[in-house]
Each structure stands twice: as C-alpha cells, then as structure tokens.
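Every read-out reported here was derived from the displayed coordinates using simple, explicitly stated rules and does not represent laboratory data. These figures come from a predicted structure and were not determined experimentally. Counting neighbours? That spans all protein chains shown, and the Cβs are built from the backbone with ideal geometry, glycine included.
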Amino acid sequence: MVVGGNVLTGNIPSELGLLTVLEEIVLGDNNLIGNIPTELGLISGLKQIELNNNDLTGPIPTELGSLTLLETITLGEQAEMYSYCTFESCQAR
C-alpha cells in the first residue's frame, strides 16, 4: 500500500492490521498524527514500513518486533516519538 505524499491527515487506522497480506505500508510525507497502531504488528508478511515526515507521537510499538520479515522501517522527521526498546530487543520478545 503506497500512499505517501498525498497530504493525508488524521490517525493511522488500526484497521490496517486486518490487511494481513500487505508487504509494505508507505505513508510517508503526509500529515498523519497520533500513535503508530499496535495492530500493525499483526501484518505478518510486512517487509517495509515508511512513516517518515509526519507528525506522529508516542512510543514505537513493541509489537513491530514480532514482524520477522520486516526489512525496513523509516520513522524520521516526527514530532515526538520514543521507544522502550531497540528494534533488536523488541524482536527477541
């Protein structure tokens, strides 16, 4: 799903977690706000997440550590984000 650079606003819908066949989520360069939904950790085939250049806040969900096929996650240029663990330690959970 590639919808970067489309001036999307609001929160990232948690319902994206229901789209279990997605391999990539590209939502960069929009005006998205709020937290990254923990439900993204349910998309077992996900290989790429691009959320850069939005106004996301809050923690990076540890649930993303369960995505064993995830190769790239891009989160740069956010209002305020923080993580309780490194990606490697989240993956070990």
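For Ile73, the residues whose amide H sits under 5 Å from its own are Ile49, ignoring neighbours fewer than 5 places away on the same chain, with H placed 1.01 Å from N. Couplings 3J(HN,Hα) for the range 18-25, derived from phi with the Karplus relation 6.51 cos²θ - 1.76 cosθ + 1.60 (θ = phi - 60°), are 7, 8, 5, 9, 5, 10, 8, 10 Hz, where x marks Gly and Pro.
Of the GluC sites (Glu not before Pro) found in the range 32-72, those in coil by DSSP whose Cβ has at most 12 other Cβ atoms within 10 Å are Glu71.
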